[in-house]
Amino acid sequence: MGLVVQKFGGTSVANVEKIKNVAQKAIREKEAGNDVIVVLSAMAGETNRLIDLAQSAAENPDEREYDSLISTGEQVTISLLSIVLNAMGYRARSFLGFQVKILTDKAYKKARISMIDTDVIAHELKKGSIVVVAGFQGVDEENNITTLGRGGSDTSAVALAAALNAERCDIFTDVDGVYTTDPNICSRARRLDRVSYDEMLEMAMTGAKVLQPRSVEMAKKYDVPVYVKSTFSDEGGTLVTKEDAEMEREVLSGVTYDRDQAKITVVHIPDKPGIAATLFTPLSERNISVDMIIQNVSLQGYTDLTFTVSKKDMKEAQKIVEATAREIGAKKVEVDDDVAKVSVIGVGMISHPGVAAKMFKTLADEGINIQMISTSEIKISCVIQRKYTELAVMVLHDAFHLERKS
Ligand code: ASP
Ligand code: MG
């Protein structure tokens, strides 16, 4: 008898009918002799609706109240599931983040979990309850409600699995696993049976929406096996786990894309020590993540610097960077959100040279211009014009034969 954490996303709890289906999944696990913790998202579309409400109430909603508002969607689904389970004769108890005590830092909208008090849950499990926990939320040291960033209930689930030493964490969603690329764009996309934490992390960070990147980071750190499965079918599934010998045989595991990118260029900056720090410090103080960065070689003491941020941060980043640019005597700031990032990912890249060259050649053959490049040991990303996103994904998927069965 072990402990299993099951997480269901918004489409899996979109209405009471679907919540009844979720109840069946939890019961099945319980009847198999396991302790069960269920982590839920809000009903599909609900968090967006709440965000729109906040934005219609004020241009810059107070952050504390914003988190308090957008975390309410999960209260609806967890209590509904518990109502359903109790009515079916199973003891179930729902808990909000503060009731468990999922302690986070104070960074509203993107809080990080610092500690989970396991007492309340352990106590309920001992009584035989199915424990149902609200994803996406926590509480800071001063008892303010915080949220963990969009898609954050994945992270709630993995964090609970780690804290309570669960056997595994099942992430139920509307797709039956992790694919080599988005099947909506490329019909030849193939489901992966297994993928390593590192590859999954790169995929999640470069646009694969199936898991929140932080949940993968956490799974890796605490060695939690994560299964991505379909809520609506028992077939398939992808295991996210430690790398093994078999995985390394394939050069690539996937092609991803991210249209949530905006490019900011600071033109003609006097090239001296401290410039990059001066530019990026105020951004980090506002919690704006910078993704790719390129700095050109300096010409006659001046340089250009280009970087990308998430689209939602573009306006604020632009304002901040324009102020800094004036301060440091740069000529101007240009922004461009007509861009996308395509990436190829695979541990096999470490032992197979030539992946970058092949990627660049494949894009060039289609007349796609590469505006920026960044790499890690197991990933190469290119920023391109947005309208070429689908084409780039398809030709890269074909060029690296990702449709092939291993
Ligand atoms: N409901 C939250 C969101 O839509 C959290 C989640 O679904 O993981 O982002
Ligand atoms: Mg999700």
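Side notes on the structure shown:
- Over the chain, dividing the summed -39,500 (n - 2.57) contributions of all DSSP H runs of at least 4 residues by the number of residues returns a 222 nm mean residue ellipticity of -10500 deg cm²/dmol.
- Residues Arg404 and Glu167, FRET efficiency given R0 of 30 Å [Cβ-Cβ distance, rounded to 0.05]: 0.35
- Projecting the Cα atoms of Val309, Gln295, Leu201 onto the dipole axis of the chain, where Lys and Arg carry +1 and Asp and Glu carry -1 at the beta carbon, places Leu201 farthest toward the positive end.
- Surrounding net charge for Val335, when Lys and Arg each add one and Asp and Glu each subtract one, Cβ distance under 15 Å: -2
- Electrostatic dipole magnitude of the range 223-342 [Cβ: Lys, Arg +1; Asp, Glu -1; Cα centre; debye, to 20]: 720 debye
- Ranked by the mean number of other Cβ atoms within 10 Å of their residues, highest first, the peptides 76-87, 306-317, 356-367 fall in the order 76-87, 306-317, 356-367.
- 1.4 Å probe accessible area per residue over the chain, in Å²: 46 Å²
- Within the shell of other residues whose beta carbon sits under 14 angstrom from the beta carbon of Gln300, the net charge comes to 0, with Lys and Arg scored +1 and Asp and Glu -1.
- Fully extending the segment from Asn296 to Thr278, taken as 0.36 nm per residue of separation minus the present Cα-Cα distance, adds 4.8 nm.
- Greater than 20 Å apart at Cα, pairs in Lys109/Lys315; Lys101/Lys229; Lys110/Lys312; Lys263/Lys319; Lys209/Lys358; Lys20/Lys229: Lys101/Lys229; Lys209/Lys358
- Student exercise, the range 153-195 dipole from Lys, Arg, Asp, Glu Cβ charges, in Debye to nearest 20: 220 debye
- Think of each Lys and Arg Cβ as +1 and each Asp and Glu Cβ as -1; about the Cα centre, that makes the dipole of the chain roughly 300 debye.
- What the pair-distance distribution of the chain shows, using all Cα-Cα distances binned every 20 Å from zero, is 25, 53, 20, 1 percent.
- Overall, the accessible surface of the chain at a probe of 1.4 angstrom is composed of carbon and sulfur to the extent of 49 percent.
- Counting only DSSP beta bridges whose two residues both lie in the chain, roughly 60 percent are antiparallel.
The values are calculated or read from the model by the stated rules, or taken from the named source; none is laboratory data. All figures in this text were calculated on a predicted structure; none of them were measured in a lab. Here the Cβ is made from the backbone with ideal geometry for all residues, glycine too, and neighbour counts use every protein chain on show. Ligands, DNA and RNA are stripped out before the accessible areas are found, and what is left, the full protein with its side chains, is counted by its heavy atoms. Shrake-Rupley method; radii C 1.70, N 1.55, O 1.52, S 1.80 Å.
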